[in-house]
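Everything below concerns the one structure shown next.
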Amino acid sequence: MKKSSKIILTIVLIFVAIVSVAFLYYRSFLTSPDYRASAVHYLFRVDDESYFVRIDDEKRMVFVVSFPKESYDPVRKETLFSERPLSDLEKMENLLGVKAERVFYSVMSKEEFQNLCRNILNTNCEDFPDFVKELSKRKMRFFDFIFVGSWVKKFGFNNLNRFALYKLLEKVSSYAIDIFGPPSITKKPVTIEVKGREYKRLYIDQEKLKVISGEMKN
């Protein structure tokens, strides 16, 4: 075999090997339990604002519900904001009457959030719903799967993995999106005094919750 032929053969074999590895890596996303779960919940917290996200594969929907820091459940008499994001996520699930096969969270400062927007979208975002809308416009790109692993690190304190993030990015790109504002009785927090201490609270409106829950379940 001529030297030039050996070089060409070597290049072809290397190319085939690279494509095979890339295909297997890409397939690992599609076959992972986190990606294949039909319902996945996320809690994204940016400073004092929390956002409950539900991905429903059966309905082909992405739901986003805002819960400000002052949100308060008057029925269970508990706040929805603590140092335990998974516990807060469970409270939101109970309020909305929905469950999921997988749950994830991300807690970010405003600075971390803006860095995330610039890294993925090359722009700044007003808030998390704006981030979701921009993601939807951007659409998922085939080679994004190569970068998803590094993007996970941009989501602050989190329990995300590359499969969960890939699902979020892909489904936001392809599913219908329904974004809800805070399901509270008043637009602004009210100040109450308990045992000499003042608290700002946004009381959850049960009727608004029923509407949102109905949208998710119907």
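The values are calculated or read from the model by the stated rules, or taken from the named source; none is laboratory data. Quantities reported herein were computed from a predicted structural model and do not represent experimental measurements. With ideal geometry, Cβ positions are generated from the backbone for all residues, glycine too; neighbour counts draw on all protein chains shown. Each accessible area value is taken on the protein alone, full model and side chains, heavy atoms only, with ligands, DNA and RNA left out. Shrake-Rupley method; radii C 1.70, N 1.55, O 1.52, S 1.80 Å.
Of the residues that make up the range 186-206, is at least one closer than 22 Å to THR79 by Cα and in a helix (DSSP H, G or I)? Quick ask: steps written out before the conclusion?
Taking the range 186-206 as the starting set, the residues that turn out to be closer than 22 Å to THR79 by Cα are 186-206.
With the extra rule that they be in a helix (DSSP H, G or I), the set shrinks to 206.
Yes, the range 186-206 has at least one match.
Taking the range 90-103, which residues are part of a loop (DSSP other than H, G, I, E, B) and either out of contact with any Lys or Arg (no Cβ under 9 Å at 6 or more places or on another chain) or open to solvent by 70 Å² or more (accessible area, probe 1.4 Å) (or both)?
Taking the range 90-103 and keeping what is part of a loop (DSSP other than H, G, I, E, B), we get 97-101.
Those that are part of a loop (DSSP other than H, G, I, E, B) and either out of contact with any Lys or Arg (no Cβ under 9 Å at 6 or more places or on another chain) or open to solvent by 70 Å² or more (accessible area, probe 1.4 Å) (or both): LYS99, GLU101.
Looking at the range 143-150, can you tell me whether even one residue there is crowded, with 18+ Cβ neighbours inside 10 Å, at pLDDT below 95, assigned to a helix (DSSP H, G or I) and of a type in the set (A, V, I, L, M, F, W, C)?
Yes, some residue in the range 143-150 is crowded, with 18+ Cβ neighbours inside 10 Å, at pLDDT below 95, assigned to a helix (DSSP H, G or I) and of a type in the set (A, V, I, L, M, F, W, C).
Could you grab me the full set of residues in the range 70-83 that are of a type in the set (D, E, K, R) and either surrounded by fewer than 16 Cβ atoms within 10 Å (Cβ to Cβ) or in contact with a helix residue (DSSP H, G or I) (Cβ under 8 Å, 6 or more places away or on another chain) (or both)? I'd like the intermediate steps shown before the answer.
Taking the range 70-83 and keeping what is of a type in the set (D, E, K, R), we get 70, 73, 76-78, 83.
Answer for the range 70-83, where residues must be of a type in the set (D, E, K, R) and either surrounded by fewer than 16 Cβ atoms within 10 Å (Cβ to Cβ) or in contact with a helix residue (DSSP H, G or I) (Cβ under 8 Å, 6 or more places away or on another chain) (or both): ASP73, ARG76, LYS77, GLU78, GLU83.
When you check ASN124 against the structure, is it among the polar types (S, T, N, Q) and open to solvent by less than 80 Å² (accessible area, probe 1.4 Å), yes or no? Give the derivation first.
Details: among the polar types (S, T, N, Q): yes; open to solvent by less than 80 Å² (accessible area, probe 1.4 Å): no.
In short, no.
Considering the range 159-180 alone, what residues qualify as being within 14 Å of the chain's Cα centre (by Cα) and either over 23 Å from TYR42 (Cα atoms) or open to solvent by 50 Å² or more (accessible area, probe 1.4 Å) (or both)?
Across the range 159-180, the qualifying residues are ASN159, ARG162, ILE177, ILE179.
If we keep just the residues of the range 45-63 that are of a type outside the set (Asp, Glu) and open to solvent by 50 Å² or more (accessible area, probe 1.4 Å), which is nearest to GLN206 (Cα to Cα)?
That would be LYS59.
Applying the selection to the range 114-131, what residues are part of a helix (DSSP H, G or I), without any contact (Cβ under 8 Å) to a residue 12 or more places away in the chain and either β-branched (Val, Ile, Thr) or within 19 Å of VAL148 (Cβ to Cβ) (or both)? Spell out how you get there, then give the answer.
To start, the set of residues in the range 114-131 that are part of a helix (DSSP H, G or I) comprises 114-121, 128-131.
Filter once more, so that each one left must be without any contact (Cβ under 8 Å) to a residue 12 or more places away in the chain: 114, 118, 130.
The answer is ARG118, and nothing else.
Within the range 181-204, count every residue that is open to solvent by less than 40 Å² (accessible area, probe 1.4 Å) and either among the aromatic types (Phe, Trp, Tyr) or under 29 Å from SER38 (Cβ atoms) (or both).
The qualifying residues number 2.
Being in contact with a Lys or Arg (Cβ under 7 Å, 6 or more places away or on another chain), outside any helix (DSSP H, G or I), of a type in the set (A, V, I, L, M) and at pLDDT 95 or above: is that true of VAL40 here?
Working: in contact with a Lys or Arg (Cβ under 7 Å, 6 or more places away or on another chain): yes; outside any helix (DSSP H, G or I): yes; of a type in the set (A, V, I, L, M): yes; at pLDDT 95 or above: yes.
The answer is yes for VAL40.
Can you go through SER106, SER66, SER32, SER87 and tell me which one is at pLDDT 95 or above, farther than 19 Å from GLU215 by Cα, crowded, with 16+ Cβ neighbours inside 10 Å and hydroxyl-bearing (Ser, Thr, Tyr)? Lay out the reasoning, then the answer.
On the way: SER66 fails: farther than 19 Å from GLU215 by Cα; SER32 fails: at pLDDT 95 or above; SER87 fails: crowded, with 16+ Cβ neighbours inside 10 Å.
Result of the check over SER106, SER66, SER32, SER87: SER106.
Out of GLU111, GLU134, which single residue is in contact with a helix residue (DSSP H, G or I) (Cβ under 8 Å, 6 or more places away or on another chain), open to solvent by 30 Å² or more (accessible area, probe 1.4 Å), in a helix (DSSP H, G or I) and under 30 Å from ILE204 (Cα atoms)?
GLU134
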